[in-house]
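The values are calculated or read from the model by the stated rules, or taken from the named source; none is laboratory data. Just so it is clear, the structure is predicted and the values come from calculations on it, not from any experiment. Counting neighbours? That spans all protein chains shown, and the Cβs are built from the backbone with ideal geometry, glycine included.
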Amino acid sequence: MLNDQFAIRRLSFVIRISPFLLIVATAALGQENNRIGVDWGLRHEAGVETRLLLTGLAEYRLCPRFVLSGLGAWAGLDNPGIARYGLAAGFQFWEKRATIELELMHEEWSDWQTAENRLLGIVDVQPMARLGLGAGAAWRCPVIGPGRYHSPFLWQSAAAELNLAYRLWWEFLNRPAASAAVYLANADRFSFHTPQQLPLGLRLSIRRGPNTVSAQLGTALVGLSGLLLSWTELSCHLGMSREF
């Protein structure tokens, strides 16, 4: 029994650091069309939390159509400590205008001793050059309690549920050096909102050679009554990335 517990802890540790290992490996390999980046973010939800996030991201292109991505995030202010980590695999087809993506994610909140293990599958399509849409499903499993919420292995819960995942974006500016887009998406940036919320926002990117500076401002509508919109969430991100 002790040996089994030790093996599980070791495997859990490997899974937790695997996104960071991918980030380091991507930088070390230095092959073409790989990307490594860092992102600073702030998420505020009235009456819930105000959370700073420092995120490391990496993309490693195994072949022209297959991309492996990793993310690891650390939180400050509310719910400090590990915020989320995960891996994703994407396969492009239809002249790279469509992508099938599978994402495995662990997200946790230390102050509340709760977490969520999530498996997401989604298909993104660009029928036009500046318009994209995606649809899929996410299996979400809440994990509650001390000694439990750190685990990425718990996938059974009385509150587990299957949710619709969607994305819609329109790039209204597309230049070699800059781009800008508006989006409506409940599956975004390795994060997920419940279907009754309507997360929307604005993305900006400025490119100079292999380097990109990006910014994102978003919110999530949680009520619609007549002509009145209600929201309680605000998120903003500033990131830098480099292609190798």
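Considering every residue within the stretch 176-191, establish whether at least one is outside any strand (DSSP E or B), β-branched (Val, Ile, Thr) and either surrounded by 17 or more Cβ atoms within 10 Å (Cβ to Cβ) or touching a strand residue (DSSP E or B) at 6+ places or on another chain (Cβ under 9 Å) (or both). No, because not a single residue in the stretch 176-191 is outside any strand (DSSP E or B), β-branched (Val, Ile, Thr) and either surrounded by 17 or more Cβ atoms within 10 Å (Cβ to Cβ) or touching a strand residue (DSSP E or B) at 6+ places or on another chain (Cβ under 9 Å) (or both). Looking at Glu101, Glu108, can you tell me which residue is free of Cβ contacts under 8 Å to residues at least 60 places away in the same chain, under 17 Å from the mean Cα position of the chain (by Cα) and crowded, with 22+ Cβ neighbours inside 10 Å? None of the others qualify; the one that does is Glu108. Where the second residue is part of a loop (DSSP other than H, G, I, E, B) and the first is hydroxyl-bearing (Ser, Thr, Tyr) and lies in the stretch 145-159, which pairs have Cβ atoms under 7 Å and are six or more apart or on separate chains? That search, which allows pairs on different chains as well, returns Tyr149/Gln113.
Quick one: in the stretch 124-133, of everything that is assigned to a strand (DSSP E or B) and hydrophobic (A, V, I, L, M, F, W, C), which residue is surrounded by the fewest Cβ atoms within 10 Å (Cβ to Cβ)?
Result: Met128.
Among residues of the stretch 48-71 that are more than 13 Å from Tyr85 (Cβ to Cβ) and in contact (Cβ under 8 Å) with a residue 12 or more places away in the chain, those with a beta-carbon under 8 Å from a residue that is surrounded by fewer than 17 Cβ atoms within 10 Å (Cβ to Cβ) and among the β-branched types (Val, Ile, Thr) at least six positions away or on a different chain give the pairs Val48/Thr232. Evaluating His150 against the criteria (1) assigned to a strand (DSSP E or B); (2) closer than 25 Å to Trp74 by Cβ leaves one unmet condition, (1). One residue alone among Ala83, Ala88 is in contact (Cβ under 8 Å) with a residue 40 or more places away in the chain, under 15 Å from Ser191 (Cβ atoms) and either in a loop (DSSP other than H, G, I, E, B) or not aromatic (Phe, Trp, Tyr) (or both), and that residue is Ala88. Before we move on, is Trp74 at negative phi and either touching a Pro at 6+ places or on another chain (Cβ under 6 Å) or not in a loop (DSSP other than H, G, I, E, B) (or both)? It is true that Trp74 is at negative phi and either touching a Pro at 6+ places or on another chain (Cβ under 6 Å) or not in a loop (DSSP other than H, G, I, E, B) (or both). All conditions in (1) of a type in the set (Lys, Arg); (2) in a strand (DSSP E or B); (3) closer than 29 Å to Leu173 by Cβ hold for Lys96, with the sole exception of (2). Residues considered: Gly136, Gly121. Of these, the only one that is part of a strand (DSSP E or B), among the small types (Gly, Ala, Ser), within 29 Å of Pro80 (Cα to Cα) and touching a Gly at 6+ places or on another chain (Cβ under 8 Å) is Gly121. The conditions are (1) over 27 Å from Ala115 (Cβ atoms); (2) part of a strand (DSSP E or B); (3) modelled with pLDDT under 95, and Leu202 fails exactly one of them. Which is it? All conditions are met except number (3).
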